[in-house]
Amino acid sequence: MDVRVNDILLMKKPHPCGAFRFLVLRSGMDFKLRCCGCGREIMVPRIKVEKHIKSVIREEDSSCS
């Protein structure tokens, strides 16, 4: 799956704060994601993230708002 830095990932399951959207800060074997709801940053293995992606929102100036 082609996921780049600054993409917004719409996930199947929500973060505990209730948000479904995550901003990609770093990609590689792991993803560093920032929750668009509460701003918490998490590191998650690529395999786990790719299973839970519903869609990728790719815009020039993508932001969490």
Check: List the pairs whose first member sits in region 41-53 and is closer than 12 Å to SER27 by Cα, whose second member is basic (Lys, Arg) and at pLDDT 95 or above, and whose Cβ atoms are under 6 Å apart, counting only residues at least 6 apart or on separate chains?
Finding: MET43/LYS32
Check: Within region 2-10, can one find any residue that is at pLDDT 95 or above and open to solvent by 30 Å² or more (accessible area, probe 1.4 Å)?
Finding: yes
Item checked: Long-range neighbours under 8 Å by Cβ, at least six apart or interchain, first residue polar (S, T, N, Q) within region 22-34, second surrounded by fewer than 16 Cβ atoms within 10 Å (Cβ to Cβ) and not in a loop (DSSP other than H, G, I, E, B) -> SER27/ARG46
Note to self: Within region 44-54, does at least one residue satisfy the condition of being part of a loop (DSSP other than H, G, I, E, B) and open to solvent by 80 Å² or more (accessible area, probe 1.4 Å)?
What the structure shows: no
Margin query: Give me the residue from region 17-43 that is of a type in the set (A, V, I, L, M) and not in a loop (DSSP other than H, G, I, E, B) and, out of that set, surrounded by the fewest Cβ atoms within 10 Å (Cβ to Cβ).
Written below: MET43
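The values are calculated or read from the model by the stated rules, or taken from the named source; none is laboratory data. Please read these numbers as outputs of a predicted model, since none were measured by experiment. No Cβ is skipped: glycine too gets one built from the backbone with ideal geometry, and neighbour counts run over all protein chains shown. Note: accessible area is taken over every heavy atom of the protein model, side chains too, but ligands, DNA and RNA are not part of it. Shrake-Rupley method; radii C 1.70, N 1.55, O 1.52, S 1.80 Å.
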